[in-house]
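Novice: Following this message is one structure expressed as structure tokens.
The values are calculated or read from the model by the stated rules, or taken from the named source; none is laboratory data. Bear in mind the structure is a predicted one, so any value in this text is a computation, not a measurement. All Cβ positions, glycine included, derive from the backbone under ideal geometry; neighbour counts span all protein chains shown.
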Amino acid sequence: MAEDNTADLLDALKRSEHRYRNIFQAMSVAFWELDFFPVGDLLRGVRKQGVEDFGPYFRKNPDFVRQMMRATRIVDVNDRTVALHGGGDKARLMAAGLDAFWPDASLGVYAAAVIAAVTGKPSYATETRLGTLDGGEFDALFTASFPPDTMNKGTLLIGVIDITERVRAQAQLAQLQAEFAHAARISMLGELTASIAHEVNQPLAAIAASAAAGQRWLARDEPDIEEVRTLVARIAKDAARAADTIGRVRDMAMRRAPEPAALSLNGLVEEAMVFLRHEIQGHGTRVVVDLARGLPPVLADRTQLQQVVVNLAVNAVQAMGEGGTLTLSTAPQDGAVRLTVADTGPGIPEDSLPRLFQSFYTTKAGGMGMGLPICRSILESCGGTITAANGEAGAVFTVTMPAAG
Amino acid sequence: MSQSPLIAVVEDDESLRESVVGLVRSLGYRASAWESADAFLAAGEAAACDCIITDIQMPGATGIDLKLALTEAGCAVPVIMVTARTEAALHERARASGAVCLLKKPFAAEALIECLESALAA
């Protein structure tokens, strides 16, 4: 009876081992079976020197991490590993050793895997860059698992998935979003051309009038220097104001990588109202600005967040047509800051609400359908949110952003 | 009358309003400044003025509304209008309302002076 049982167990074990080998070979994941045992001796040596915390020690001694790698023996690799890392040559790959496939920049990943193993974690996974025999590098999803039963023998399993395509697609997506955000700003600036021209013309007209007045005071038999002094100061102020407007437009029109900084949301709302003064006036919109005092700053790119505020305000002004009231309010909210943009327009049709933030969905004649999706992607990129609803009088957009820590 | 002519400047943009007032004063005229047509009309100062320089687009009543209100009240003080808007229809309405001059921002100071002098001479 006992012998039968043993035979059955052995048989089951063989089948299990066979199944494991099949999976090991057939998976599209690159697997490395490693013998970690010699690394244990190295770690014990370090511990004897009085090192208790391996993390800082590994960071300070990259050569030691390399040493651990060289001590790690490759037991076996699957076909995918040979194809991915070894250019199809298994013998060369096994001979090169683990060390050859780890770029310096990824040393920390190996170190973290070692720490995870010795602290009894069941596995460790991260995204990193790994190398190939011919000296190339690729983006990899790295997983190390430390099953207790094999760890006792000192073996562990590493899985590597080539995520080059995904990383490339993400980069392309980010670039596409940046281009769309830029296109939307340009389109918005186009809509606001009359307002912008007005904002520049106003100080220019003032400068021309002040200069002419100055000439007249100077041309008198007894030039009035005091009058001229006042006028020159006014000219300087108006010139600065025109330059300010041009600077804002240029920032909006420029394409550059976002630069997050700690910003005052209140300040941004006030600036947006200056930017839109003419647009608001042209529509006869009444503006109510209700800003909470002592709000913490938020972390965002100034131009991008400005785009969000301007976009929401322009939408509201346009939705109301002639007249109406635009209300912008800010408030603190559990470690976050909230901005509400409310109008007294017709509101948002109920069936449009779920699709409002989808690209190319628009309810405006001649609208591009990119304004709100871009607002959302800008806000999400800095940990914020945006929601739309119908309030008592019209549409209400609520933006929340985490307070900058 | 020994006093120099009084010019009302109606303009919502503070900086431009102050500059035009400065220009008017440099010409030797007296000036009064108003930030809206509504405020100017409410003050009932129109009859005391010799000329009015007004922006068209302002919160509340526009410069055109101002001129029409004056005409209705039988006040014939010459009105010079200033605008940054370029729409032909708006310019047409401004002229039709009886403005003596229509200036586009940014206007040359000389053009405003010319308008002012011819309005006062009339």
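Novice: If you check B:ALA46 against the conditions, is it more than 9 Å from every other protein chain (Cβ to nearest Cβ), under 22 Å from B:LEU120 (Cβ atoms) and touching a Cys at 6+ places or on another chain (Cβ under 6 Å)? Give the steps one after another, and end with the answer.
Specialist: Working: more than 9 Å from every other protein chain (Cβ to nearest Cβ): yes; under 22 Å from B:LEU120 (Cβ atoms): yes; touching a Cys at 6+ places or on another chain (Cβ under 6 Å): yes.
In short, yes.
Novice: Still on this structure: Can you report the number of residues in segment A:30-69 which are surrounded by 13 or more Cβ atoms within 10 Å (Cβ to Cβ) and either assigned to a helix (DSSP H, G or I) or polar (S, T, N, Q) (or both)?
Specialist: Going through segment A:30-69 one residue at a time, the tally reaches 19.
Novice: Now, a different point. Please go through (1) away from chain A (no Cβ under 12 Å); (2) in contact with a Lys or Arg (Cβ under 9 Å, 6 or more places away or on another chain); (3) surrounded by 18 or more Cβ atoms within 10 Å (Cβ to Cβ) for B:LEU6 and return the number of the only condition it doesn't satisfy.
Specialist: Among (1) away from chain A (no Cβ under 12 Å); (2) in contact with a Lys or Arg (Cβ under 9 Å, 6 or more places away or on another chain); (3) surrounded by 18 or more Cβ atoms within 10 Å (Cβ to Cβ), B:LEU6 violates only (3).
Novice: Another question, then. Is there any pair linking a residue in segment A:147-174 that is of a type in the set (D, E, K, R) to one that is part of a helix (DSSP H, G or I), with Cβ under 8 Å and at least six apart or on different chains, and which?
Specialist: Taking only residues 6 or more apart or on different chains, the pairs are A:LYS153/A:PHE37; A:ASP162/A:LEU84.
Novice: I'd like to know if segment A:282-290 contains one or more residues that are basic (Lys, Arg) and either outside the structural domain of A:GLU380 (by TED's automatic domain parsing) or part of a loop (DSSP other than H, G, I, E, B) (or both).
Specialist: Taking every residue of segment A:282-290 in turn, none turns out to be basic (Lys, Arg) and either outside the structural domain of A:GLU380 (by TED's automatic domain parsing) or part of a loop (DSSP other than H, G, I, E, B) (or both).
Novice: Can you tell me which residue in segment A:149-186 is nearest to A:ARG80 (Cα to Cα), limited to those that are surrounded by 15 or more Cβ atoms within 10 Å (Cβ to Cβ) and polar (S, T, N, Q)?
Specialist: Restricting to residues being surrounded by 15 or more Cβ atoms within 10 Å (Cβ to Cβ) and polar (S, T, N, Q), the top hit is A:THR155.
Novice: Scan segment A:248-270 for residues that are surrounded by 16 or more Cβ atoms within 10 Å (Cβ to Cβ) and touching a Lys or Arg at 6+ places or on another chain (Cβ under 7 Å) and jot them down.
Specialist: Matches in segment A:248-270: A:MET252, A:LEU263.
Novice: Okay, next question. In a helix (DSSP H, G or I) and assigned by TED's automatic domain parsing to the domain that holds A:GLN318: does that describe A:GLN215?
Specialist: In short, no.
Novice: Does segment A:163-175 contain at least one residue that is within 13 Å of chain B (Cβ to nearest Cβ) and in a helix (DSSP H, G or I)?
Specialist: No: zero hits.
Novice: Given the criterion among the aromatic types (Phe, Trp, Tyr), under 24 Å from the mean Cα position of the chain (by Cα) and surrounded by 16 or more Cβ atoms within 10 Å (Cβ to Cβ), identify the matching residue among A:PHE142, A:PHE146, A:PHE101. Write out each step before concluding.
Specialist: Values: A:PHE146 fails: under 24 Å from the mean Cα position of the chain (by Cα); A:PHE101 fails: under 24 Å from the mean Cα position of the chain (by Cα).
It is A:PHE142.
Novice: Which of the residues that make up segment A:220-247 are within 9 Å of chain B (Cβ to nearest Cβ) and assigned to a helix (DSSP H, G or I)?
Specialist: Once the filter is applied, which keeps residues that are within 9 Å of chain B (Cβ to nearest Cβ) and assigned to a helix (DSSP H, G or I), segment A:220-247 yields A:GLU227, A:THR230, A:LEU231, A:ARG234, A:ILE235, A:LYS237, A:ASP238, A:ARG241.
Novice: Follow-up. Scan segment A:1-29 for residues that are closer than 29 Å to A:VAL114 by Cβ, of a type in the set (A, V, I, L, M) and part of a helix (DSSP H, G or I) and jot them down.
Specialist: Across segment A:1-29, the qualifying residues are A:ILE23, A:ALA26.
Novice: Across segment A:262-287, what is the number of residues that are among the hydroxyl-bearing types (Ser, Thr, Tyr) and more than 10 Å from chain B (Cβ to nearest Cβ)?
Specialist: 1
Novice: Shifting gears a bit: Among the residues of segment A:248-272, which ones are part of a helix (DSSP H, G or I) and either of a type outside the set (A, V, I, L, M, F, W, C) or without any contact (Cβ under 8 Å) to a residue 12 or more places away in the chain (or both)?
Specialist: A:ARG248, A:ARG250, A:ASP251, A:ASN266, A:GLY267, A:GLU270, A:GLU271
Novice: Among the residues of segment A:105-139 satisfying the criterion of being of a type in the set (Asp, Glu) and modelled with pLDDT of 90 or more, which is surrounded by the most Cβ atoms within 10 Å (Cβ to Cβ)? Spell out how you get there, then give the answer.
Specialist: Just the residues of segment A:105-139 that are of a type in the set (Asp, Glu), to begin with: A:127, A:134, A:137, A:139.
So of that shortlist, the ones also modelled with pLDDT of 90 or more come out as A:127, A:137, A:139.
Details: A:GLU127: 13, A:GLU137: 15, A:ASP139: 17.
Result: A:ASP139.
Novice: Still on this model: Quick one: which strands (runs of 3 or more DSSP E) lie wholly within segment A:304-405 and hold at least 2 residues that are closer than 21 Å to A:PHE275 by Cα?
Specialist: Output list reads A:325-333, A:336-342, A:395-402.
Novice: Condition (residue is more than 8 Å from chain B (Cβ to nearest Cβ), assigned to a helix (DSSP H, G or I) and at pLDDT below 80) applied to segment A:195-212: is it met by at least one residue?
Specialist: There is at least one residue in segment A:195-212 that is more than 8 Å from chain B (Cβ to nearest Cβ), assigned to a helix (DSSP H, G or I) and at pLDDT below 80.
Novice: Determine whether segment A:340-348 contains at least one residue that is surrounded by fewer than 20 Cβ atoms within 10 Å (Cβ to Cβ) and polar (S, T, N, Q).
Specialist: Looking for residues that are surrounded by fewer than 20 Cβ atoms within 10 Å (Cβ to Cβ) and polar (S, T, N, Q), one finds at least one in segment A:340-348, hence yes.
Novice: Hey, can you tell me all the residues within segment B:90-114 that are within 14 Å of chain A (Cβ to nearest Cβ), assigned to a helix (DSSP H, G or I) and farther than 16 Å from B:VAL24 by Cβ?
Specialist: Result: B:LEU90, single match.
Novice: A further question on this structure: Does A:ALA300 satisfy the criteria of being in contact with an Asp or Glu (Cβ under 8 Å, 6 or more places away or on another chain), surrounded by 14 or more Cβ atoms within 10 Å (Cβ to Cβ) and among the hydrophobic types (A, V, I, L, M, F, W, C)?
Specialist: So A:ALA300 fails the test.
Novice: Checking the condition modelled with pLDDT under 90 and small (Gly, Ala, Ser), which residue from A:ALA219, A:ALA257, A:ALA242 passes?
Specialist: On inspection, the qualifying residue turns out to be A:ALA257.
Novice: A follow-up question, please. Could you list, in sequence order, all residues of segment A:218-247 that are of a type in the set (A, V, I, L, M, F, W, C), touching a residue at least 24 places away in the same chain (Cβ under 8 Å) and buried (at least 18 other Cβ atoms within 10 Å of the Cβ)?
Specialist: A:ILE235, A:ALA242
Novice: Output the residues belonging to segment B:55-89 that are modelled with pLDDT of 90 or more and assigned to a helix (DSSP H, G or I).
Specialist: B:GLY63, B:ILE64, B:ASP65, B:LEU66, B:LYS67, B:LEU68, B:ALA69, B:LEU70, B:THR71, B:GLU72
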